[in-house]
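> Below: one structure in structure tokens.
The values are calculated or read from the model by the stated rules, or taken from the named source; none is laboratory data. Here the structure is a predicted model, which means the values were calculated and not measured. Glycine gets a Cβ as well: all are built from the backbone with ideal geometry, and neighbour counts include every protein chain shown. Surface areas here come from the heavy atoms of the whole protein model, side chains and all, with no ligands, DNA or RNA. Shrake-Rupley method; radii C 1.70, N 1.55, O 1.52, S 1.80 Å.
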Amino acid sequence: MILVTGATGNVGGEVVQALVRAGEPVRALVRAPADLPVEQAVGDLDRPGSLAAALDGVRGVFLLPGYRDMPGLLARLRQAGAERVVLLSSPAAVSADTRNAVSQYMIRSETAVRESGLAWTLLRPNAFMSNALRWLPQLRAGDVVADAFGDVPIASTDPYDIAAVAVRALLDPGHDGRVHPLSGPERLLPAQRLAVLADVLGRDLRFRALSDEEARADMAGRVPEEYIRAFFSFYSDGTLDESRIHPTVEEVTGTPPRTFRQWALAHREAFAGDADAG
Ligand SMILES: NC(=O)c1ccc[n+]([C@@H]2O[C@H](COP(=O)([O-])OP(=O)(O)OC[C@H]3O[C@@H](n4cnc5c(N)ncnc54)[C@H](OP(=O)(O)O)[C@@H]3O)[C@@H](O)[C@H]2O)c1
């Protein structure tokens, strides 16, 4: 049995589907019952004691980072008999700025996994293509998307490919103790991603780059202050380079990573209803 955390989210949801396609027994960890095609167990990663039922008979775990007590969580996995964990981390774990709040929670999570005594694999994908879903409110309101860091190219990763690699690391030998940097096949600016989305949706969309001041104001209130500082350190000071294209997805899965166009085509339904908006 494989336990998938974050199963209602972008990446965990893809991991569930990929394991189902592989014919593997899979259980989804949820905080509240959800509409999922697999067995579910209710539990909270911030409360390792709540995971007993979820961990019953589990051999491998797909784990998200950043919960309150990562060493305690990993100890609970091991006590319950799990053998292997695949952690979703980020290149932020190797950022030049180790005081960065995002880097710190990734480093804390990776360290807990490395020291857990379980067999482990770390995945470090560049920013997700699914982050474009954050544009949905603006796309409902009109045809202009304003966003921060408009001059930062990213070779973003499709959660589908993160899941494909995670499943191989969970099921195949040869991934123990390995760190997989992941990316898509192309580096794009936000305006270029929006242009692809416009083409797929048949809409005339325009990108407006927020100034640093506007970006700070936009994030204030909805993003904790230490994370705003972290994002400015990454993308304004350039302490994180997510423009690198890695060969890993194809090396591990035998299939090239998906383009942003493929992501947009697969998720066009999520944007449905927006075409006549604004
Ligand atoms: N976005 C990026 O570009 C990026 C890049 C690298 C790494 N990451 C990391 O990847 C993670 C997953 O990204 P995503 O886009 O798949 O996230 P997402 O779609 O926001 O989903 C988050 C998932 O985590 C679950 N969750 C949250 N708190 C939990 C808790 N205390 N106990 C159990 N489950 C909990 C949520 O479940 P509910 O349904 O209960 O809310 C949901 O299934 C991020 O949180 C981040 O740490 C992100």
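> Pull up region 207-232, narrow it to residues that are of a type in the set (Lys, Arg) and over 29 Å from Arg114 (Cα atoms), then point me to the one that is most open to solvent (accessible area, probe 1.4 Å).
Step one: list which residues in region 207-232 are of a type in the set (Lys, Arg), which gives 208, 216, 222, 229.
When the remaining residues are screened for being over 29 Å from Arg114 (Cα atoms), the result is 208, 216, 222.
Details: Arg208: 108, Arg216: 107, Arg222: 153 Å².
The selected residue is Arg222.
> Testing Ser50 on (1) under 30 Å from His267 (Cα atoms); (2) within 11 Å of the ligand (Cβ to nearest atom); (3) not aromatic (Phe, Trp, Tyr), one condition comes back false. Which one is that?
Just one mismatch for Ser50, condition (1).
> Going by the structure shown, is Gln40 open to solvent by 30 Å² or more (accessible area, probe 1.4 Å) and free of Cβ contacts under 8 Å to residues at least 12 places away in the same chain? I'd like the intermediate steps shown before the answer.
Numbers: open to solvent by 30 Å² or more (accessible area, probe 1.4 Å): yes; free of Cβ contacts under 8 Å to residues at least 12 places away in the same chain: no.
The answer is no for Gln40.
> Sticking with this one: List the residue pairs whose Cβ atoms are under 7 Å apart, where the first residue sits in region 9-21 and is free of Cβ contacts under 8 Å to residues at least 60 places away in the same chain and farther than 16 Å from Leu87 by Cβ, the second is within 14 Å of the ligand (Cβ to nearest atom) and of a type in the set (D, E, K, R), and the two are 6 or more positions apart or on different chains.
none
> Would you point out the residue of region 15-31, among those that are open to solvent by 30 Å² or more (accessible area, probe 1.4 Å) and more than 6 Å from the ligand (Cβ to nearest atom), that is nearest to Met129 (Cα to Cα)?
Taking region 15-31 first, the residues open to solvent by 30 Å² or more (accessible area, probe 1.4 Å) are 17, 20-25, 31.
Among the residues that remain, those that are also more than 6 Å from the ligand (Cβ to nearest atom) are: 17, 20-25.
Numbers: Gln17: 18, Val20: 23, Arg21: 22, Ala22: 24, Gly23: 26, Glu24: 26, Pro25: 28 Å.
Result: Gln17.
> With the requirement that a residue be of a type outside the set (Phe, Trp, Tyr) and within 11 Å of the ligand (Cβ to nearest atom), what does region 70-111 give you? Before you say what the answer is, go through the steps one by one.
First, pick out the residues of region 70-111 that are of a type outside the set (Phe, Trp, Tyr): 70-104, 106-111.
Across region 70-111, the qualifying residues are Leu73, Leu87, Leu88, Ser89, Ser90, Pro91, Ala92, Ala93, Val102, Met106, Ser109.
> Take the residues of region 76-111 that are hydrophobic (A, V, I, L, M, F, W, C) and part of a loop (DSSP other than H, G, I, E, B): which is nearest to Pro173 (Cα to Cα)? Walk me through how you get there before you give the answer.
Start the filter on region 76-111 by keeping residues that are hydrophobic (A, V, I, L, M, F, W, C), which leaves 77, 80, 82, 85-88, 92-94, 96, 101-102, 106-107.
Still in the running and part of a loop (DSSP other than H, G, I, E, B): 80, 82, 96.
On the way: Ala80: 22, Ala82: 16, Ala96: 32 Å.
So the residue we want is Ala82.
> A further question on this structure: Of the residues that make up region 181-198, is at least one part of a loop (DSSP other than H, G, I, E, B) and modelled with pLDDT under 95? Lay out the reasoning, then the answer.
Residues of region 181-198 part of a loop (DSSP other than H, G, I, E, B): 183-187, 189.
Now drop any that are not modelled with pLDDT under 95, which leaves none.
The answer is no, given that none of the residues of region 181-198 is part of a loop (DSSP other than H, G, I, E, B) and modelled with pLDDT under 95.
> Follow-up question, since we're still on this one. What are the residues in region 121-168 that are outside any strand (DSSP E or B), open to solvent by 40 Å² or more (accessible area, probe 1.4 Å) and over 19 Å from Asn10 (Cα atoms), if any?
Filtering region 121-168 for residues outside any strand (DSSP E or B) gives 126-127, 129-143, 148-153, 155-156, 158-168.
Subset that is open to solvent by 40 Å² or more (accessible area, probe 1.4 Å): 131, 133-134, 137-138, 140-141, 143, 151, 153, 160, 168.
Once the filter is applied, which keeps residues that are outside any strand (DSSP E or B), open to solvent by 40 Å² or more (accessible area, probe 1.4 Å) and over 19 Å from Asn10 (Cα atoms), region 121-168 yields Gln138, Arg140, Ala141, Asp143, Asp151, Pro153.
> Continuing with the same structure: Conditions: (1) open to solvent by less than 50 Å² (accessible area, probe 1.4 Å); (2) farther than 22 Å from Ser89 by Cα; (3) in contact with a helix residue (DSSP H, G or I) (Cβ under 7 Å, 6 or more places away or on another chain). Asp204 meets all but one. Number of the miss?
Against the list (1) open to solvent by less than 50 Å² (accessible area, probe 1.4 Å); (2) farther than 22 Å from Ser89 by Cα; (3) in contact with a helix residue (DSSP H, G or I) (Cβ under 7 Å, 6 or more places away or on another chain), Asp204 comes up short only on (1).
> Continuing with the same structure: Return the only residue of Leu36, Leu55, Leu64 being within 11 Å of the ligand (Cβ to nearest atom) and over 18 Å from the mean Cα position of the chain (by Cα). Talk me through it step by step, then tell me what you get.
Working: Leu55 fails: within 11 Å of the ligand (Cβ to nearest atom); Leu64 fails: over 18 Å from the mean Cα position of the chain (by Cα).
Going through Leu36, Leu55, Leu64 in turn, the sole match is Leu36.
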